[in-house]
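The values are calculated or read from the model by the stated rules, or taken from the named source; none is laboratory data. Keep in mind that this is a model prediction, so the values were computed, not measured. So basically every Cβ, Gly included, is an ideal-geometry build from the backbone, and we count neighbours across all protein chains shown. Quick note on the areas: whole protein, heavy atoms, side chains included, nothing else; ligands and nucleic acids left out. Shrake-Rupley method; radii C 1.70, N 1.55, O 1.52, S 1.80 Å.
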Amino acid sequence: MEFIWVLFAVAFLGFVVASIYRRRNAAGGIALARPGDPDAADPAAYGFLRQENLDVRLPGPDQDLVDVLDLVQRTEEHRAASQLLAGTETEGERRWQRVQAFAGAASLELARKPAGDPTRTPGGQWLRVWRTEQPKDPGGAAVHAEFLVQQAWRTATPGSDEFRIIMEEAKEACGRAALLAPGDPVPYITELSVARGLGYSREEFEQLWLKLLDRAPHHMGAHLAALHYWCEKWYGSRELAYSFAEAAAARAPQGSLLSALPLFAVFEHLQDLTLVANLYESEVVTKAMHGALYAAGQARAEDAVLPHVRHLLIWFLVNSSRWSEAMGQLIHVDGHVGALPWTLSQDPAAEYAVYRALAVAGFEANGGSPASLLR
């Protein structure tokens, strides 16, 4: 996958230099424009945020979460986080994302202020206090389990003794969180990452998956987490991953985003497809994109996973030179870049800005303008 990103980076250097955007040329194509050129395409003309103002924490807006995160990190007081999760329904996707966000915030704080420094309090102390003061709080237990998983992937080498020790602790934490909230799928979704880290056998993984399906059979976040296990780079293959994704899409109810799952499977196996001629016009990519476009068009606007689908669609649509459709996705998600594929980059905002600039340039090169873009 890193090799793929290097290839794309080299390709796009020819298109994007600093803040230089594109303009239409006489042939109707895309060409470089000098800074300040009146013909230069300008993403700001569409109301898009400047690169430095893009939020890398979340895939889409969740103002309640942002407000509570800011409060918790400013005051080191966990109760607002506990209250927010207590008021978040267990059946939807938003609880999973909020648990991930709180765990990620604590993990990143600890990375900036590690334990062992006697001159300052270690980062993420509010999570430790939360677990100590409210040991039976389901929200705190779920966040702690996810925190341990993120710590393992972030701080230890997969396969090492340290990694396994943290993952075993995370597995136990998932079990405790599940006991505190029997109907909540989130602890089981977190354990899907544990299963990947500890190398569950297929039988063990499928038993875990059945428990999750009993609680949330159409949970997109759960399917995204499970898809990793079936990918070739972990314990499956391209065929198994495609089969899993296509089966989920086939049984997706109306309004579900599961129809977009095959696009994520394709993305995870792009390295296998690099020798395919006209890759982004191939049947497998086109079919997956159409499924994702259909899912995005049918989903509820407030679906918490919808931004994830839109971000990945932007990546594929730009690579397919489908500029107008890419712009149609950009207007819904601009401002937030905490999603695949941008998070694979060391600078997600910069990576996103490159694709956004290409979409704007291609859109205008084919006659588009801010006035013609319907919101």
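See the values below:
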quantity	calculated
Options Gly104, Gly60; residue that is in contact with a strand residue (DSSP E or B) (Cβ under 7 Å, 6 or more places away or on another chain), surrounded by 17 or more Cβ atoms within 10 Å (Cβ to Cβ), closer than 22 Å to Ala350 by Cα and touching a residue at least 40 places away in the same chain (Cβ under 8 Å)	Gly60
Total residues in the stretch 154-167, condition assigned to a helix (DSSP H, G or I), touching a residue at least 12 places away in the same chain (Cβ under 8 Å), surrounded by fewer than 16 Cβ atoms within 10 Å (Cβ to Cβ) and not basic (Lys, Arg)	1
Residue check, Ala111 surrounded by 16 or more Cβ atoms within 10 Å (Cβ to Cβ) and under 16 Å from Gln150 (Cα atoms)	no
Test for Val72: is it part of a helix (DSSP H, G or I) and buried (at least 16 other Cβ atoms within 10 Å of the Cβ)	yes
Selection status of Gly123, outside any helix (DSSP H, G or I) and either among the aliphatic types (A, V, I, L, M) or within 25 Å of the chain's Cα centre (by Cα) (or both)	yes
Leu179, sole failed condition from (1) over 22 Å from the mean Cα position of the chain (by Cα); (2) in a loop (DSSP other than H, G, I, E, B)	(2)
Some residue of the stretch 185-196 being touching a Ser or Thr at 6+ places or on another chain (Cβ under 9 Å), open to solvent by less than 20 Å² (accessible area, probe 1.4 Å) and not in a helix (DSSP H, G or I)	yes
Residue match in the stretch 219-237 (condition: of a type outside the set (A, V, I, L, M), open to solvent by 60 Å² or more (accessible area, probe 1.4 Å) and touching a residue at least 60 places away in the same chain (Cβ under 8 Å))	yes
Any hit, the stretch 297-309, residues being assigned to a helix (DSSP H, G or I), modelled with pLDDT under 95 and either of a type in the set (Asp, Glu) or closer than 19 Å to Ala361 by Cα (or both)	no
Any hit, the stretch 326-336, residues being open to solvent by 40 Å² or more (accessible area, probe 1.4 Å), assigned to a helix (DSSP H, G or I), at pLDDT 95 or above and over 30 Å from Glu91 (Cβ atoms)	no
Within the stretch 265-282, considering residues that are at pLDDT 90 or above and assigned to a helix (DSSP H, G or I), the one surrounded by the most Cβ atoms within 10 Å (Cβ to Cβ)	Val266
Filtered residue count, the stretch 46-63, keeping only those that are under 22 Å from Glu364 (Cβ atoms), in a helix (DSSP H, G or I) and of a type outside the set (Ser, Thr, Tyr)	1
Enumeration of residues in the stretch 80-93 that are open to solvent by 70 Å² or more (accessible area, probe 1.4 Å) and in contact (Cβ under 8 Å) with a residue 24 or more places away in the chain	Ala86, Glu91
Of the criteria (1) at pLDDT below 95; (2) farther than 30 Å from Leu358 by Cα; (3) in a loop (DSSP other than H, G, I, E, B), which one Thr88 fails	(1)
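For (1) surrounded by 14 or more Cβ atoms within 10 Å (Cβ to Cβ); (2) closer than 18 Å to Glu325 by Cβ; (3) touching a His at 6+ places or on another chain (Cβ under 7 Å), each residue gets a yes or a no:
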{"position": "Phe244", "(1), (2), (3)": "yes, no, no"}
{"position": "Leu258", "(1), (2), (3)": "yes, no, yes"}
{"position": "Leu263", "(1), (2), (3)": "yes, yes, no"}
{"position": "Ala295", "(1), (2), (3)": "yes, yes, no"}
